[in-house]
Amino acid sequence: MKAEILAPAGDEQSAYAALKAGADAVYLGLTQFSARAGAENFDASALRRTAKFAHFLGAKVYVCLNTLVKDSETEGFFRSAREAWNAGADALLVQDIFLGKRLKEVYPEMTLHLSTQGGCCNVYGARLAKEFGFSRAVLARETPLDEIKKISEIIETECFVQGALCTAFSGQCYLSSFAGNNSGNRGRCKQPCRKKYSLDRAGYEKPAYALSTSDLCVGARVAEYVAAGVSSLKIEGRLRRREYCAAAVRYYRALLQGLPARAEFSDLKRAYNRGGYTAGLAFGQADDFLSRKTQGHIGEDVGELFFVNGAPFCKSSFAARKGDCFKILRAGEEVCGGVYLSSGKNGFFLSGTSNARTGDRVCVTTDTAAGERALSRARLREVSVELRFAAGAPPYAKCGDFELLGKEPLAPAKNAPLSAEEISECFRKTDAMPVSPRLTVQTEGAFCPKSALNAFRREFYEGLINALVPEREPLEERSVAPPALRLCGKRERAAISEELSEGGGIVIFKPRDYEKLPKTGTERAYLYLPAFFTSKEIEALKPEISRFYGIYCDGYYGVKLAEACKTELFAGTGFNLCNGYAVAEAKKYAGRFVLSKELSARDQNALAAEGAFALLQGGIKAMDLIYCPFSRTCAKCDKREYYTATDEDGRSFPLRRYRAFGACRFELYNCAPLWAEAEVSPLADETAKELLRGRTATRGHEKGSMQ
């Protein structure tokens with residue numbers, strides 16, 4: 001099976017660099033609804049140019065519309081999707097599976113991929129995505145390899161192989177939203193997870209990058225992804241430089257071709273490397289999963305620092321040159337930076353290295369030569385071109401079925417006639433178009449000014465690309481009926497609790513250990529299911545589900561699981577219901593559901609349909625961590641249920657541990673309690689529905705709105 005190499009593109013230059021380096025596809029964002037709002041991104045014109053360039057080379061372009069969409073924005077979302085498709089997108093990536101279902105119903109011609117933010121991590125989520133019209137699922141980075149193989153038998157899969165790893169489970173991170181009012185689900189993540197935190201456990205009290213993950217690099221194990229049936233190998237990095245995009249593509253192309261890739265790997269590390277690499281959670285948590293000492297780009301180690309007559313000098317075989325930049329590390333931690341100053345015997349001198357000491361390690365973070373190597377490949381499409389320049393006849397050019405005839409006959413030459421060499425030299429200049437022409441030239445006593453010859457060449461190559469890559473038949477705007485949400489006056493309360501003794505309302509039971517569920521008193525409660533569960537874990541849990549009234553699930557997979565178990569679904573906050581279309585679709589599968597906890601009171605009120613709940617009190621879960629922040633030091637673990645992560649501003653975030661079939665997982669809660677009932681809260685008027693009283697931690701979170 002051939003798997004595509006899929007590269008990131010934050011701007012046009014990055015897209016071209018990746019495609020020239022050999023990418024089979026690129027993914028990019030528009031100026032709206034992109035999960036990387038900080039990238040330059042693409043307008044319709046830039047997308048059209050990029051798509052034409054890619055299609056000419058036989059590559060594809062996927063457009064990310066993968067943020068949560070508020071009710072007031074749905075018209076713009078449908079318009080953006082149609083414009084992206086008309087501009088040449090080969091697929092659209094969507095986070096909101098329910099909104100995507102509606103988009104596919106309105107425009108069945110479109111190809112949809114479920115974004116990794118959709119949290120697909122098991123066969124139930126995969127079945128739902130396929131049923132809703134998605135042709136591919138971009139799997140959550142936490143999905144284990146055996147699960148990837150199962151999912152790949154249901155739907156086409158795309159897996160990350162390189163780049164930054166999110167700390168939290170895909171689509172379930174709210175830390176930037178609630179701790180800084182910048183929603184990661186809206187593309188504005190400020191990465192508070194990359195800050196320093198101290199943890200109240202012995203050996204972890206010193207502030208460190210306690211939640212910061214190493215960069216992903218599957219490397220040679222990419223062959224295991226291909227063997228598991230993965231269709232697309234995805235490189236993260238829409239905020240990275242074009243040199244990184246090209247270097248990553250070249251590295252994985254070499255690996256897939258079975259070639260030695262040591263040099264390509266070195267160039268990749270120098271383009272971007274956050275404190276070393278990890279193979280990721282698909283293969284189980286390794287000791288290198290967290291990058292506690294360094295957070296930013298540290299490049300590749302090239303030598304040791306000395307001082308020669310007081311001047312900092314790096315002893316190294318690396319041939320540094322002007323423009324190269326470095327970071328100085330001591331015991332694995334960044335001390336300062338430096339730039340190339342001059343060459344010396346067996347090394348080079350640096351400037352700007354304040355705080356450096358003898359024995360520090362020198363890492364190159366900008367290697368100008370490596371950048372040039374990464375960008376040096378020019379992937380071209382070979383074409384056969386026939387040219388005829390004869391006096392008394394218009395100039396003529398032909399490639400396949402495309403022909404171009406000049407507007408005026410060529411004049412006879414009075415002195416030196418136009419030669420075949422001159423014509424060939426002109427047509428070998430392809431004006432940055434990705435073509436490699438094989439030329440057949442006929443000339444007969446003709447004169448043609450150089451400017452006219454160049455103009456004819458440009459017109460020919462532009463017409464050739466347009467002929468080989470014709471414009472897509474545009475989709476006309478279609479009416480999208482707004483959803484009808486029926487209100488009712490009934491009000492209920494629900495409590496998420498670790499105990500089953502709660503009274504007065506609906507109980508959502510959240511176990512401390514999923515292998516030790518209570519045997520009695522469960523018929524009146526929903527069983528809480530987190531956003532991440534593997535199929536194996538679900539099958540082990542299935543016999544227990546029948547003893548509960550239903551399931552409260554934070555992942556889309558709950559739809560198909562409830563259907564399989566013939567039980568009631570309570571769609572949790574993890575469904576991220578933000579608009580009327582999503583609510584209307586969710587109501588078809590869930591008797592009760594919770595609106596997005598990132599919405600403002602006004603936005604929640606607009607979605608107050610029958611069965612709607614809102615989180616109004618208690619702890620707000622900011623992250624699901626599908627790994628151990630203590631690096632699985634199980635023998636030394638104190639096995640407490642709660643810890644505290646304290647940031648550099650002194651804010652304390654509760655960290656809850658729970659057990660899931662032999663593995664410890666963690667939840668991080670925001671630093672302040674939520675108490676919204678004293679305010680003009682959502683659903684609090686005469687037409688109000690149900691309220692959810694969240695009690696998911698001993699401490700909670702203050703109310704915020706999704707920006």
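Kindly identify the chain as rounded, prolate or oblate by the Cα gyration tensor criterion: order the square roots of the eigenvalues as a ≥ b ≥ c, call it rounded if a/c is under 1.5, otherwise compare a/b with b/c, prolate if a/b is larger, else oblate. The partial results should precede the final answer.
Values: a/c = 2.45, a/b = 1.45, b/c = 1.69.
Oblate shape, in that a/c is at least 1.5 and b/c is the bigger or equal ratio.
Calculate, for Lys566 and Glu544, the FRET efficiency according to 1/(1 + (r/R0)^6) with r their C-beta to C-beta distance and R0 22 Å; round to the nearest 0.05. Could you put the intermediate results ahead of the total?
Numbers: r = 15 Å, r/R0 = 0.66.
That pair, Lys566 with Glu544, gives E of 0.90.
Within 10 Å of each candidate Cβ there may be at most 11 other Cβ atoms; applying that plus a DSSP loop requirement, which trypsin sites (Lys or Arg not before Pro) in the range 564-639 survive?
Details: sites: Lys566, Lys587, Lys588, Arg592, Lys597, Arg602, Lys621, Arg632, Lys636, Lys639; in loops: Lys566, Lys587, Lys588, Lys597, Arg632, Lys639.
Listed in order of number, the matching sites are Lys566, Lys588, Lys639.
Per residue, how much accessible area does the chain have with a 1.4 Å probe, in Å²?
Normalised by residue count, the accessible surface of the chain is 40 Å².
With a Förster radius of 51 Å applied to the C-beta separation of Leu405 and Ala369, the computed FRET efficiency comes to 0.65.
What are the equivalent ellipsoid semi-axes of the range 124-256, built from the alpha-carbon gyration tensor (square roots of five times its eigenvalues), in whole angstrom, biggest first? Display every interim value, and only then the final one.
Working: eigenvalues 164, 79, 51 Å².
Output for the range 124-256: semi-axes of 29, 20, 16 Å.
Taking the Cα centre of the range 374-468 as reference, the dipole from Cβ charges on Lys and Arg (+1) and Asp and Glu (-1) amounts to some 280 debye.
Placing a pseudo-label 7 Å from each Cα along the Cα-to-Cβ vector at Asp649 and Lys490 gives an inter-label distance of 4.2 nm. Which pairs, out of Lys293/Lys322; Lys206/Lys293; Lys70/Lys101; Lys20/Lys327; Lys52/Lys234, put more than 18 Å between their alpha-carbon atoms? Beyond 18 Å between Cα atoms: Lys293/Lys322; Lys20/Lys327; Lys52/Lys234.
Could you compute the FRET efficiency for Glu473 and Asn309, with r as their C-beta to C-beta distance and R0 at 60 Å, rounded to 0.05? Each step should come with its number before you reach the end.
Numbers: r = 72 Å, r/R0 = 1.19.
Here the calculated transfer efficiency is 0.25.
With the charge dipole of the range 380-422 set up from +1 on Lys and Arg Cβ and -1 on Asp and Glu Cβ about the Cα centre, the Cα lying farthest toward the positive end among the listed residues Pro409, Tyr396, Leu380 is that of Pro409.
Can you say what percent of the DSSP beta bridges in the range 69-173, counting only those with both residues inside, are antiparallel? Round to 5.
Working: 0 of 8 bridges.
About 0 percent, rounded to the nearest 5.
At a 1.4 Å probe radius, carbon and sulfur cover how many percent of the accessible area of the chain?
Here carbon and sulfur together make up 49 percent of the probe-accessible area.
So for the range 1-114, what percent of the C-alpha to C-alpha distances run longer than 17 Å? The proportion of pairs with Cα distances above 17 Å equals 50 percent.
Which value in Å is the Kirkwood Rh of the range 373-496 over different Cα pairs? Show your work: numbers first, answer last.
Values: mean 1/r = 0.0544 Å⁻¹.
Across the range 373-496, the inverse of the average 1/r is 18.4 Å.
Against the chain, whose longest principal axis comes from its Cα atoms, helix 450-468 is set at around 40 degrees. Hydrodynamic radius of the range 305-395 by the Kirkwood approach over all distinct alpha-carbon pairs: 16.0 Å.
Look at the dipole of the chain built from charges on Cβ: of Ser170, Leu668, Val69, the Cα furthest out on the positive end belongs to Leu668. Modelled this way, with points 7 Å down the Cα-to-C-beta line, the labels at Lys429 and Ser342 are 4.1 nm from one another. Computed from backbone phi with θ = phi - 60° and the Karplus coefficients 6.51, -1.76 and 1.60, the 3J(HN,Hα) list for the range 213-219 is 8, 5, 6, 7, 8, 5, x Hz; x is used for glycine and proline. Size descriptors for the range 580-665, from the alpha-carbon set: Rg then Dmax equal 18.0, 51 Å. Taken as Cα centroids, the range 25-80 and the range 123-181 sit 19 Å apart, rounded to the nearest whole angstrom.
Sum up the charges of everything whose Cβ sits under 15 Å from the Cβ of Val106, counting Lys and Arg as +1 and Asp and Glu as -1, but leave Val106 out. After counting each charged neighbour, the total is -2. Considering only Tyr557, Ala645, Ala606, and ranking their Cα positions along the charge dipole of the range 548-683 that arises from unit charges at the beta-carbon of Lys, Arg, Asp and Glu, the one farthest toward the positive end is Tyr557.
DSSP beta bridges fully contained in the range 1-160 are about 0 percent antiparallel.
One compactness figure for the range 459-588 is 1.63, namely its Cα radius of gyration divided by 2.2 N^0.38 Å. Relative contact order for the chain: 13 percent, from Cα pairs under 8 Å spaced at least 6 residues apart, divided by residue count.
Taken about its Cα centre, the range 202-332 carries a charge dipole of about 440 debye when Lys and Arg each add +1 at the Cβ and Asp and Glu each add -1 at the Cβ.
Going by the alpha-carbon gyration tensor, a ≥ b ≥ c the square roots of its eigenvalues, is the range 64-186 rounded (a/c under 1.5) or, if a/c is not under 1.5, prolate (a/b greater than b/c) versus oblate?
Oblate, because a/c is 1.5 or more while a/b does not exceed b/c.
Taking label positions 7 Å along the Cα-Cβ direction at both Asp301 and Gln257, the computed distance is 3.1 nm, reported to one decimal.
What is the dipole size for the chain, taken about its Cα centre, with +1 at each Lys and Arg Cβ and -1 at each Asp and Glu Cβ, in debye to the nearest 20? Can you show the working numbers first?
Details: 99 positive and 86 negative charges, 259 e Å.
About 1240 debye.
Each part gets one Cα centre, and for the range 375-442 versus the range 582-615 those centres are 63 Å apart.
Kirkwood analysis of the range 576-625, using all unique Cα-Cα pairs, places the hydrodynamic radius at 11.5 Å.
For the full complex of protein chains and a 1.4 angstrom probe, list His297, His55, His113 by accessible area with the highest value first. Don't skip to the answer; put the middle values down first.
Working: His297 25, His55 55, His113 5 Å².
Result, largest first: His55, His297, His113.
Sorted largest first by accessible area at a 1.4 angstrom probe radius, with every protein chain in place, the residues Cys245, Cys634 fall in the order Cys634, Cys245. To make sure I understand the rule: partners must be lysines, Cα under 19 Å from the Cα of Lys407, and not fewer than 8 residues away in the same chain. Which ones qualify? Lys407 reaches Lys398, Lys450.
Report for the chain the percent antiparallel among DSSP-assigned beta bridges with both residues inside it, nearest 5. Mind dumping the intermediate values first?
Working: 61 of 127 bridges.
Of all bridge pairs located within the chain, approximately 50 percent are antiparallel.
The values are calculated or read from the model by the stated rules, or taken from the named source; none is laboratory data. Note that the structure is predicted; figures quoted are calculated from it, not measured. Virtual Cβ from ideal backbone geometry, glycine too; neighbours counted across all protein chains shown. Accessible surface is based on the protein model in full, side chains and every heavy atom, while ligands, DNA and RNA are left aside. Shrake-Rupley method; radii C 1.70, N 1.55, O 1.52, S 1.80 Å.
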